[in-house]
Every structure is written in structure tokens, then in C-alpha cells.
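The structure under discussion appears below in the form of C-alpha cells.
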Amino acid sequence: MVRKNIVSTVKLAQTCGLPIVHSTVNVSSGRGKPTAPELADLLEESPPLDRTTINAWEDADFLAAVRAAGRGKLVLCALRTEMCLACKCFFGERIQQNFSSSW
């Protein structure tokens with residue numbers, strides 16, 4: 001169900017022309033897993049930013065990509081909400097972002 005919801009959210013964002021920041025954690029080091037195939041297929045035009053920390057706001061490339069999107073509100077999706085999504089919402093206040101989430 002989680003993947004179905006995230007796939008639906010990505011499809012809607014693409015239909016609406018919303019910017020997408022796609023990230024993974026420690027895939028290049030071999031410690032993390034790549035994006036699920038059904039999502040990777042949808043996100044071909046948004047290559048993942050491979051972070052080394054679960055808290056995305058600690059990653060300069062991720063933060064720059066979010067700021068470059070130029071949006072004041074964010075829609076967040078994550079497979080593991082206890083950390084992957086929670087950190088983004090909690091620390092996102094530092095850059096004055098408003099959030100909606102999907103899980």
C-alpha cells in the first residue's frame with residue numbers, strides 16, 4: 001500500500017508539473033538499497049541524490065535542490081516514515097517550509 005501511495009503521489013506531481021527532488025541514502029556505499037523499480041521508472045528524469053545521512057537537511061545537495069525548486073510548500077513521500085519522513089518535517093522548519101506528506 002505504501003508504494004502504491006507514493007507511486008500515485010509521484011504521478012500526480014508529474015501531471016501537475018511540480019518539481020521533484022529524489023533522494024536515496026547510502027546506495028553508492030552499498031549500505032542502502034536503490035529506489036524501488038516502480039518508482040525509479042517514474043523518476044528517470046529526476047536522478048537520485050545519494051545522501052550519507054538519514055536527515056536530508058544535513059545534505060548540502062538535497063537542501064540546494066529543495067531551495068532551487070523555489071517552492072514554499074513541499075509534498076514529502078518516504079518508505080520509512082519513522083525517520084525518512086519525520087526528519088524532513090522536523091528539520092524543515094529551519095528553512096521555513098510547509099509540508100504535506102504521503103505514506
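All of the numbers you see were taken from the coordinates with simple rules; none came from a lab. Remember, predicted model here, so these are calculated numbers, not experimental data. A quick note on method: Cβ atoms are made from the backbone with ideal geometry, for glycine too, and the neighbour counts reach across all protein chains shown.
Remark on ASP50: its backbone amide H falls under 5 Å from those of THR24, a criterion applied only to residues 5 or more positions apart or on other chains, H modelled at 1.01 Å from N. Rounded to the nearest 20, the Cβ-based charge dipole of segment 4-52 about its Cα centre (Lys and Arg +1, Asp and Glu -1) stands at 240 debye. Placing dummy labels 7 Å off each Cα toward the beta-carbon, the span from ASN5 to GLU44 is 2.8 nm.
Could you calculate the FRET efficiency of ARG71 with SER28 from 1/(1 + (r/R0)^6), where r is the beta carbon distance between them and R0 is 30 Å, rounded to 0.05? Don't jump to the answer; show the numbers that get you there.
On the way: r = 27 Å, r/R0 = 0.91.
Step by step, r from the Cβ atoms, then E = 0.65.
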